[in-house]
1. Can you confirm whether Ala130 is modelled with pLDDT of 90 or more, part of a strand (DSSP E or B) and within 14 Å of the chain's Cα centre (by Cα)?
Amino acid sequence: MTRGARPPAGPRGAIGAAAEDAAVAYLQGLGWLPLARNIRLGADEIDIVARDTDDPPTLVVVEVRSRSGRNFGSALESLDARKVARLYRAAAALQRGGHPDVPWSAGLMRRWRVDLLAMRRAGPGWVVEAHLRGLAPT
């Protein structure tokens, strides 16, 4: 699996990268194949692109939201309609034009969707608070 060229910026970036690492492990536990992380498509970024092993397979754009504490609300509460619209725009760009780091993109995968993984810090690690499949644009 490839990872974007940009390293995590500062402490918040390191926290987000750790949550994404846990998210990748979770997806692998489901039997999914993570393909790429932190890819840029124009002004948009996709946290994780994975292949769900449904029959037929589905290309999934996964947004990872994380919170290490409850001071600023839950990870689920941090996702708004504008961010979901950006995810759909990035997913459509991936479907249309592909990305060199993502096999099976550019129209080869007929099925795709956008998912959300809400991660919460639990001791030294991370747990999945929610996995919302097939977010709908509003």
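The values are calculated or read from the model by the stated rules, or taken from the named source; none is laboratory data. None of the values given here were measured: they were computed from a predicted structure. Glycine gets a Cβ as well: all are built from the backbone with ideal geometry, and neighbour counts include every protein chain shown.
1. yes
Yes or no, residue by residue, for (1) over 15 Å from the mean Cα position of the chain (by Cα); (2) surrounded by fewer than 19 Cβ atoms within 10 Å (Cβ to Cβ); (3) at pLDDT below 80; (4) of a type in the set (Phe, Trp, Tyr):
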{"site": "Ala85", "(1), (2), (3), (4)": "no, yes, no, no"}
{"site": "Ala91", "(1), (2), (3), (4)": "no, no, no, no"}
{"site": "Leu94", "(1), (2), (3), (4)": "no, no, no, no"}
{"site": "Gly98", "(1), (2), (3), (4)": "yes, yes, yes, no"}
{"site": "Trp104", "(1), (2), (3), (4)": "yes, yes, yes, yes"}
{"site": "Leu116", "(1), (2), (3), (4)": "no, no, no, no"}
{"site": "Gly125", "(1), (2), (3), (4)": "yes, yes, no, no"}
{"site": "Pro137", "(1), (2), (3), (4)": "yes, yes, no, no"}
